[in-house]
Amino acid sequence: MRVATVVSLAIVLMAVSVQAADTQAVVARAKQQVEAADYRAVGKLVTVDAAGKRISYALTVKAHWFPGVLRVLLDVVPPDTHGRHEDRMRILLEMRPNGQNAIRIAHPKDAVLTALPFEKWSDGLFGGVFSYEDFLESQYYWQDQTIQKTAPFGARICDVLKSTPGASDRTHYAEVESWLDHTIGYPIYVEKTQKAAGVVKQFTSFGLRQTAGVWSATQIEAKIRGRAGATLLVVERGNAKANLSAKDFSPEQIVHFEDRP
């Protein structure tokens, strides 16, 4: 009886060890994709309301991983109204593995970037589903990571990774589940659950492609579970190896609005 107990315990410990190793490998691959970021993308952000009405915002995204920080710069231009662009906005997001992230914004005529208060990080960008925080994609660096299962999503086999933030992680999400393609490690589908209201946001990637060894999606659809409407992030063109530098993210350049995206 005692031998059987020891054997059973050994089997359990072996299973836990294998699970931990699998989780570490999946998380490491997800982090590797983040830390290889050096891209420029041009497209649009399209909000679709419950009645199907669409509003398109021109969007340019630049992203580059610097030692210890991912910088993402969004340049968003609302639909042109008599040549006026007062609502144009640039957003600089900085994601750090230690959880001390930052978001700063600038509008035309602003002299400096302004820190976005943490309580506004969960606001929908121009009333859409994508919030400011959704562009940080910091979940792979949170404290708790667990592989829930391996399961199909459409035609792809995915590792379902559950990420839970620690006390030092600045986020409005209680957890994130990422369906990562088992072969390439790209997030095919993601569910993010908000802390306050328990709202679940769903992100689905379409049109996956590989350019210069980097995987990306041509479109990401964001929806809120149980609600009509959606927001689409559509990539029309870009460069997977943009050779960006610190100058591309300098505050002085960001607040200079004379150029168009």
Inset, instruction - Using the Karplus curve 6.51 cos²θ - 1.76 cosθ + 1.60 with θ = phi - 60°, work out ³J(HN,Hα) for each residue of the range 112-126 in order, rounded to whole Hz, and write x for Gly and Pro. - result: 9, 6, 10, 5, 7, x, 4, 5, 9, 4, 8, 5, x, 5, 6
Legend entry - the range 157-243: relative contact order in percent, alpha carbon pairs under 8 Å with at least 6 residues between: 18
Legend entry - Modelled label reach - Asn98, point 7 Å along Cα→Cβ, the range 145-182 residues with backbone N closer than 16 Å: 166-170
Legend entry - Student exercise, the chain dipole from Lys, Arg, Asp, Glu Cβ charges, in Debye to nearest 20: 340
Legend entry - Max mean-square fluctuation residue, GNM over the chain, Cα-Cα springs under 10 Å, options Thr114, Thr171, Thr146: Thr114
Inset, instruction - Any chance you could run the full-extension gain for Trp215 through Lys149? It's 0.36 nm times the residue separation minus the Cα-Cα distance, nm to one decimal. - result: 21.5 nm
Legend entry - Built amide H within the under 5 Å cut-off of Asn101, gap 5+: Arg96, Arg170
Legend entry - Gaussian network model of the chain, springs between alpha carbon atoms under 10 Å - residue of Gly43, Gly166, Gly52 with greatest fluctuation: Gly52
Legend entry - Positive dipole terminus of the chain, leading residue within Tyr141, Val69, Pro97 (C-beta point charges): Tyr141
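Just the number, please: carbon plus sulfur as a percent of the accessible area of the chain, 1.4 Å probe, no ligands or DNA/RNA counted. If you can, show how the numbers build up before the last one.
Values: 7440 of 13640 Å².
Exposed carbon and sulfur together represent 55 percent of the surface.
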Inset, instruction - For the chain, with a Gaussian network of springs between Cα atoms less than 10 Å apart, report the residue from Ala197, Ala41, Ala217 with the top mean-square fluctuation. - result: Ala197
Inset, instruction - Pull out the extension gain between Asp22 and Asp248, defined as 0.36 nm times the separation in residues minus the alpha carbon to alpha carbon distance; nm, one decimal. - result: 77.7 nm
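Looking only at Cα atoms, what is the convex hull volume of the chain per residue, in Å³? If you can, show how the numbers build up before the last one.
Details: hull volume 41.0 nm³, N = 261.
Once divided by residue count, the hull of the chain is 157 Å³.
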Legend entry - Across Lys31/Lys201; Lys109/Lys192; Lys44/Lys192; Lys62/Lys120; Lys31/Lys53; Lys201/Lys247, pairs whose alpha-carbon gap is larger than 32 Å: Lys109/Lys192; Lys31/Lys53; Lys201/Lys247
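If contacts are Cα pairs under 8 angstrom and at least 6 residues apart, what is the relative contact order of the range 96-147 in percent? Provide the component values of the computation, followed by the final result.
On the way: 38 pairs, mean separation 17.2, N = 52.
The value is 33 percent.
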Legend entry - ³J(HN,Hα) computed for each position of the range 55-62 - Karplus, 6.51 cos²θ - 1.76 cosθ + 1.60, integer Hz, glycine/proline x: 10, 9, 10, 5, 9, 10, 10, 10
Legend entry - Extended-chain gain in nm, criterion 0.36 nm per residue less alpha-carbon gap, Thr183 and Ile157: 8.6 nm
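From Cα pairs below 8 angstrom and at least 6 apart in sequence, can you work out the relative contact order of the chain, rounded to a whole percent? Don't jump to the answer; show the numbers that get you there.
On the way: 540 pairs, mean separation 49.4, N = 261.
For the chain, the relative contact order is 19 percent.
The values are calculated or read from the model by the stated rules, or taken from the named source; none is laboratory data. As the structure is a prediction and not an experimental result, all values here were calculated from the model. For neighbour counting, all protein chains shown are included, and Cβ atoms are generated from backbone atoms with ideal geometry for every residue, glycine included. Note: accessible area is taken over every heavy atom of the protein model, side chains too, but ligands, DNA and RNA are not part of it. Shrake-Rupley method; radii C 1.70, N 1.55, O 1.52, S 1.80 Å.
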